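The structure under discussion appears below in the form of structure tokens.
The values are calculated or read from the model by the stated rules, or taken from the named source; none is laboratory data. Computed from a predicted structure; not experimentally measured. All Cβ positions, even for glycine, are placed from backbone atoms using ideal geometry, and neighbour counts span all protein chains on display. These area figures cover heavy atoms from the full protein model, side chains too; ligands, DNA and RNA do not enter into them. Shrake-Rupley method; radii C 1.70, N 1.55, O 1.52, S 1.80 Å.
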Amino acid sequence: MENNNKVAGNEVFSLSNMSVHYGESLAVDGVNLPIYENEITAMIGPSGCGKSTVLRSLNRMNDLIPGAKVGGQVLYHGQDMYGPEVDPVQVRKLIGMVFQKPNPFPKSIYDNVAFGPQTLGMKGDMDEIVEGALKKAALWDDVKDRLKDNAFGMSGGQQQRLCIARAIAVKPDVILMDEPCSALDPISTFKIEDLMMELKKDYTIVIVTHNMQQAARVADRTAFFTVDTERGEGSRVGQLVEFDETSKIFSNPADSRTLDYVTGKFG
Amino acid sequence: MSQGIPKRASGAAMAAAAVTQNIYKGANNKALVGGIMFRLLLLSALGIAMIAILAVIAWALVEGAARVNVGLFVNNPSSFRPEEAGYRPAILGTVQLIAGVILLIVPLGVGAATYLELFADRTRWYNRLIELNIQNLAGVPSIVFGILGLAFIVRGVFDLGFVVAAGSATIAILVLPTVILASREAIRAVPSSLLDGAMALGATRLQAVRKMVLPSAAPGMLTGVILAVARAIGEAAPLLLVGAATFVTFDPNFWQDGYSALPVMIYNYAGRPQEEFHTLAAAGVLVMLVVLFFINSIAVWLRARYERTW
């Protein structure tokens, strides 16, 4: 874990001994994880290992689930993200999220992108904001002639890029992506991956993915989660097994469970 | 060798025939007959329901169609000249009544549904109690709401007297559970990914609900309101208790004593011995049926127009 070849930037997030409960049941426990600026960090692992749970606790989307409770510490640029003075709404303005299934609003393409800036009362020319966000999301050329069309008329891949544009429009610091390509075909997936490589120049990206090749292709660092089997029958508690540079995770992981997973022996 | 090949081939053909011998129609006549019987049973159930509706419409048409004229709408009632009597005060009363009902049920119904669906903490016992009560209230007989209106709205707490406003409030309470349930359905049909998407952009819960969830649920809510209005138009029993007179010969005023409503007026005409009044009642029924058909059509149209697959 120590001899990283990549020069690590600033830590955007630092998770220490972080855990998440849903009501009485523990979903994920003991996560220690740094996430570095302007990198793509991937979280991989089998279903139920808590990777999405960890992702959703990075912008306090877990607050929306009744009974969800985060333990341990989540620092965001050194600030305790779950401190009593922190307003989760303000946190979400800085840390955007793209979901598994594209979820455009039932509005025009333009209004989808403008919704965030309008709702947050952002200053500036709205046409410019929308155009800038759509260009950054590599969608402008596809849609510039039909900005007033309903977003539901777009293809799945375009919808997902619209959701990325929508997140970019509010000028975030971090973009979280929860299996953004799992509902897309391979060509659309490649476009999103290209886009992610482009976006990491300006943003810090954390992506949860079921697709190991995707993690290998795009991520600078990869965190492997799994279900902790030493907690006895019936319990399904996720844990972080290993976090390292992506190349190391896929070629020479330190933990045998990681090796089994990335070589396809299990999961 | 050369003999063996066709032999083997015919063996394979026979085996194939054994597999496919039952794929033809008529192989299982028992199931076929059962299917037909079941379909007939379903059709007869539908038929009985349709016959009841058609019988009402046919009766109203035969009895009352000839009596539908301008006078029916613009003339005041008369107790001794049925051929000239009309429904004017009853129609005006119903219109005012329903206007009041709509003004009350839209904000209350949408508000209650929004709270229950999007803000209430369902782990709290009082929220579950409220939910259970609303579901039960939808099944309470309308006359009970009439007594409630009489005790608390006409007299008691609000002390409005026997005015249209009191009738509106009573009917509003009566149909409110239906509106709340329909509105909750409409809200539930909006995928939570919309709320999540808006909140992930930094919108507050209130902003996300107001700008995203409620506009998406509006057509469904409107359908609920329209169906509630259709029910409200037909209600007679609670109105009799809260002061709708069966016989009024002057135009109603929302805050003044003395009003009637269409179903109440029909009830009055139908109870009179003269045949002419029965014709008049049938004509009134016809008018109500047309109005209800129109309202329900709007609801169906709205539903079809804004139906959305997410």
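What does DSSP give for the protein assembly as shown in terms of the percent of beta bridges that are antiparallel, rounded to the nearest 5? Kindly include the intermediate steps, with their values, before the conclusion.
On the way: 27 of 46 bridges.
The antiparallel proportion sits near 60 percent.
Taking every alpha-carbon pair under 8 Å whose residues sit at least 6 apart, chain A reaches a relative contact order of 26 percent.
Report, to one decimal in Å, the Kirkwood hydrodynamic radius for the range B:228-272 based on all distinct Cα pairs.
Details: mean 1/r = 0.0911 Å⁻¹.
Its Kirkwood hydrodynamic radius stands at 11.0 Å.
Accessible surface computed residue by residue for the range A:15-129, with neighbouring protein chains in place and a 1.4 Å probe, gives 39 Å² per residue.
Listed peptides A:52-63, B:56-67 appear in the order A:52-63, B:56-67 once ranked by packing, highest mean of other Cβ atoms within 10 Å at the front. Note on chain B: GNM, Cα springs under 10 Å; of B:Thr249, B:Thr94, B:Thr170, the largest mean-square fluctuation is that of B:Thr249. Cα extents for the range B:1-140 along the principal axes, largest to smallest and rounded to whole angstrom: 106, 57, 24.
To the nearest 20 debye, what charge dipole does chain B have about its Cα centre, counting +1 at the Cβ of each Lys and Arg and -1 at the Cβ of each Asp and Glu?
Values: 22 positive and 15 negative charges, 345 e Å.
Around 1660 debye, computed over chain B.
Could you tell me how far the Cα centroid of the range A:22-97 sits from the Cα centroid of the range B:107-123, in Å? Between the Cα centre of the range B:107-123 and that of the range A:22-97, the gap is 28 Å.
Within 10 Å of the Cβ of each residue in A:115-124, the mean number of Cβ atoms contributed by other protein chains is 3. With all protein chains in place and ligands, DNA and RNA left out, the 1.4 Å accessible area ranks B:Phe80, B:Phe162 as B:Phe80, B:Phe162, largest first. Taking max minus min of the alpha-carbon positions on each principal axis, the range B:107-250 gives extents of 60, 33, 24 Å, largest first. Listed here are the pairs A:Lys51/A:Lys123; A:Lys107/A:Lys201; A:Lys101/A:Lys144; A:Lys69/A:Lys200; which of them are more than 26 Å apart at the Cα? Beyond 26 Å: A:Lys51/A:Lys123; A:Lys107/A:Lys201; A:Lys69/A:Lys200.
To the nearest 20 debye, what is the magnitude of the charge dipole of the protein assembly as shown about its Cα centre, counting +1 on the Cβ of each Lys and Arg and -1 on the Cβ of each Asp and Glu?
Working: 50 positive and 51 negative charges, 313 e Å.
The dipole of the protein assembly as shown has a size of about 1500 debye.
Principal-axis analysis of the Cα atoms of chain A puts helix A:186-199 at an angle of about 90° to the longest axis. Ratio of Rg to Rh for the protein assembly as shown, alpha carbon only, Kirkwood? Result for the protein assembly as shown is an Rg/Rh of 1.14. How tilted is helix B:164-189 with respect to the longest principal axis of chain B? Cα atoms for both, answer in degrees (0 to 90, nearest 10). Approximately 20 degrees, to the nearest 10.
Within 10 Å of the Cβ of each residue in B:20-32, the mean number of Cβ atoms contributed by other protein chains is 0.
Heavy atoms of the protein chains alone define the surface here; on that basis chain B has 56 Å² accessible area per residue at 1.4 Å probe size.
Once you divide the Cα radius of gyration of chain B by 2.2 N^0.38 Å, the number left is 1.49. Which value, in square angstrom to the nearest 100, describes the accessible area buried between chains B and A on both sides, using a 1.4 angstrom probe? Summing both chains' loss of accessible area gives about 1700 Å². What the pair-distance distribution of the range B:174-309 shows, using all Cα-Cα distances binned every 5 Å from zero, is 2, 9, 13, 14, 14, 12, 9, 8, 7, 5, 3, 2, 1, 0, 0 percent.
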